[in-house]
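This report refers to the structure that appears directly beneath it.
The values are calculated or read from the model by the stated rules, or taken from the named source; none is laboratory data. Treat the numbers as computed from the prediction; the structure is a model and nothing was measured. As a convention, Cβ positions derive from the backbone with ideal geometry for all residues, glycine included, and neighbour counts pool all protein chains shown. We work out accessible area using only protein heavy atoms, side chains counted, and drop any ligands, DNA or RNA first. Shrake-Rupley method; radii C 1.70, N 1.55, O 1.52, S 1.80 Å.
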Amino acid sequence: MENKKFVSLITKFATVFTIFTVFLLIINGLTIYYNQVKIDTETRLTHMQQINTYFDSLITQDGETFKAYQELMLKYKDELKIPIDVEGFGEAETDFYASFYDEYPGMEVGEDISYYDMSEELQKKFVIYQHEYWLYMFEQARPDMNLIYTYYVVPGKDEDEDWFIYWLIDGVREPSKAVGEEYMNLCDGDTIPPETGHDEMWYALNTGLPSRGYDKYDNEYGKTYACYRPIVMDGEVLGAVVVEVEIASVNEDILKSTARQVFYMAVVLIIAVTLMLVYINRRYVKRIKFLSGKVKQYADSKGVEVSEEIENAITVNDELSQLAGQTAAMMTEIDEHIRNIFITMNELDRTKKQAKELDVLAKVDSLTGIKNKTAYDEIIEDLEWALSEGETNFGIAVADLNYLKKINDTHGHDKGDLALKKICRIICNAFKHSPVFRIGGDEFTIVFTGYDYEHAESIVEKFKSVLDEIASDSSLEPWEKVSAAIGYAKYDPAKDSHVDDVFKRADASMYEDKRAMKAERN
């Protein structure tokens, strides 16, 4: 009977551990799978948006050239022949410029001669050159950026006034049925009314904003997500860059990876549970059985000798006999330890708070209350990192207070400080959405993005108009009639390799403004 009870106890432990192990494997397997799917999907979708932004910057930078290429391609698409096996765009580029300079010697295309004023032959050569160039750029993006498909679409209407989508730049070449299989198909299209799906594509084309989400397709490339970014020039939506990534095979790989991890985890857990059962049986179950028997013997006989036997046994094997005492001692020790931890945590919190306050003070200009050169150096490091990640919509402005030395020498340094504070307020009011830094005695720097980036020119003009009003106010004291030169520059990939290059151009622009102010005063 006692043996049966012993086996039953071990069986119950084994059953509980087995159920727990299976449950743990299922939960961990599902968690691993869905977390990997989520992370991989988010990573891919973020990657798609970055690629779309990259193409947007390339096309927008090309400006009127790309716009002319699009219009002329749609005009001559049925007359052009581009070999399907063409590599690169060098020959077409050379042919176009050679023909252009022969026809218009000494002139520049797009400046002296409009793309639309060129002869029909030159226009066609221009379109061929541009198409081969952009086809090369889109095709290179597929292997380089791990894409399944990337292309550029243009909205229009067919003869029945139904919405029509042209694949102006198709990242996958297809032979032409009209002019021969040795030539590539150009500007293929399809009737896709807005109400028939492709919601994100039409959202981007109709609003001029990047797609809010992703259109899902199940086509010859498998199950894919498509992300759209419209190309907007002069307030007009020309078309949209489309990037597609394939999802199904990735999920299959994740499933296989999850299965392998669950299998290895199962092996480890089975071994661990087996060893744990053996340990529990030897270390505790047999001793509990012994103590249970002695307790029953004592209950039957009420003999003191049984108590002595238990005490003697526990003295030899003291884990159970010392359990209560050790638990009480452990609780006292833990309580003392927790109090020490709270004291240490409070000290750490105070230290962190003091360090944070000191760090904040170290980055604040004591006179004006704005950020100082240290804070400016930190934001420049952040901008360098953002630039390496493809974030290019930022600019730097440099403002320099005029006549500070004259104010200090004539009216005293306290009046010079008042002048610095006043020009600081004017700068901060002008660039309301951007951080302002005092990086020198009379020099201020502004790093602008977002709204200030989009309206930089009007902000600078408004800043100058405020200074003009101050200059004409006869009621102001000399140190209140603050004057400053300002210059700014936006990041230009053609000119700037680093953030410091943008600063140098802004600083040079500021000195040009200062020279102009001196010339005007003279």
Requested in this report: Pick out the one residue from Asp414, Asp377, Asp452, Asp442 that is within 30 Å of Gln50 (Cα to Cα) and open to solvent by 20 Å² or more (accessible area, probe 1.4 Å).
Outcome: Asp377
Query - Qualifying residue in region 400-422 (condition: within 25 Å of His498 (Cα to Cα), within 33 Å of the chain's Cα centre (by Cα) and in contact (Cβ under 8 Å) with a residue 24 or more places away in the chain) - result: no
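Residue-wise test of (1) closer than 16 Å to Tyr149 by Cα; (2) in contact with a helix residue (DSSP H, G or I) (Cβ under 9 Å, 6 or more places away or on another chain); (3) assigned to a loop (DSSP other than H, G, I, E, B); (4) open to solvent by 20 Å² or more (accessible area, probe 1.4 Å).
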{"position": "Leu168", "(1), (2), (3), (4)": "yes, yes, no, no"}
{"position": "Val172", "(1), (2), (3), (4)": "yes, yes, yes, yes"}
{"position": "Glu182", "(1), (2), (3), (4)": "no, no, no, yes"}
{"position": "Gly189", "(1), (2), (3), (4)": "no, no, no, yes"}
{"position": "Trp202", "(1), (2), (3), (4)": "no, yes, no, no"}
{"position": "Leu209", "(1), (2), (3), (4)": "no, yes, yes, yes"}
{"position": "Lys216", "(1), (2), (3), (4)": "yes, no, no, yes"}
{"position": "Lys223", "(1), (2), (3), (4)": "yes, yes, no, yes"}
{"position": "Ala240", "(1), (2), (3), (4)": "yes, yes, no, no"}
Query raised in the report: What number of residues within region 421-436 satisfy the criterion of being surrounded by 21 or more Cβ atoms within 10 Å (Cβ to Cβ) and not polar (S, T, N, Q)?
Result: 6
Query raised in the report: Taking Glu103 and the conditions (1) under 29 Å from Asp218 (Cα atoms); (2) open to solvent by 50 Å² or more (accessible area, probe 1.4 Å); (3) in contact with a helix residue (DSSP H, G or I) (Cβ under 7 Å, 6 or more places away or on another chain), which numbered condition does it fall short on, given that it satisfies the others?
Result: (1)
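Residue-by-condition table, conditions (1) of a type in the set (D, E, K, R); (2) touching a helix residue (DSSP H, G or I) at 6+ places or on another chain (Cβ under 9 Å); (3) open to solvent by less than 40 Å² (accessible area, probe 1.4 Å):
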residue	(1), (2), (3)
Ile59	no, yes, yes
Thr65	no, yes, yes
Tyr69	no, yes, yes
Asp85	yes, no, no
Phe89	no, yes, no
Asp95	yes, yes, no
Ser99	no, yes, yes
Met118	no, yes, yes
Query raised in the report: Within the set of pairs 6+ apart or on separate chains, which have a first residue in region 48-71 that is farther than 10 Å from Arg229 by Cα, a second that is among the polar types (S, T, N, Q), and C-beta atoms under 6 Å apart?
Result: Tyr69/Gln130
Query raised in the report: Do any residues in region 295-324 that are over 17 Å from Arg283 (Cβ atoms) have Cβ atoms under 8 Å from those of residues that are surrounded by 12 or more Cβ atoms within 10 Å (Cβ to Cβ) and modelled with pLDDT under 65, where the two are at least six apart or on different chains, and which pairs are they?
Result: Glu311/Ser321; Thr315/Ser321
Report summary line: Matching residues in region 94-111 (under 44 Å from the mean Cα position of the chain (by Cα) and closer than 17 Å to Lys124 by Cβ) number 8
Report task. Look at region 79-121 and say how many of its residues are in a loop (DSSP other than H, G, I, E, B) and not acidic (Asp, Glu). Result -> 15
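Yes/no per residue for (1) more than 29 Å from the chain's Cα centre (by Cα); (2) in contact (Cβ under 8 Å) with a residue 60 or more places away in the chain:
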{"position": "Gly441", "(1), (2)": "yes, no"}
{"position": "Ile446", "(1), (2)": "no, no"}
{"position": "Glu457", "(1), (2)": "no, no"}
{"position": "Lys464", "(1), (2)": "yes, no"}
{"position": "Leu476", "(1), (2)": "yes, no"}
{"position": "Val482", "(1), (2)": "yes, yes"}
{"position": "Asp496", "(1), (2)": "no, no"}
{"position": "Ser509", "(1), (2)": "yes, yes"}
{"position": "Ala516", "(1), (2)": "yes, no"}
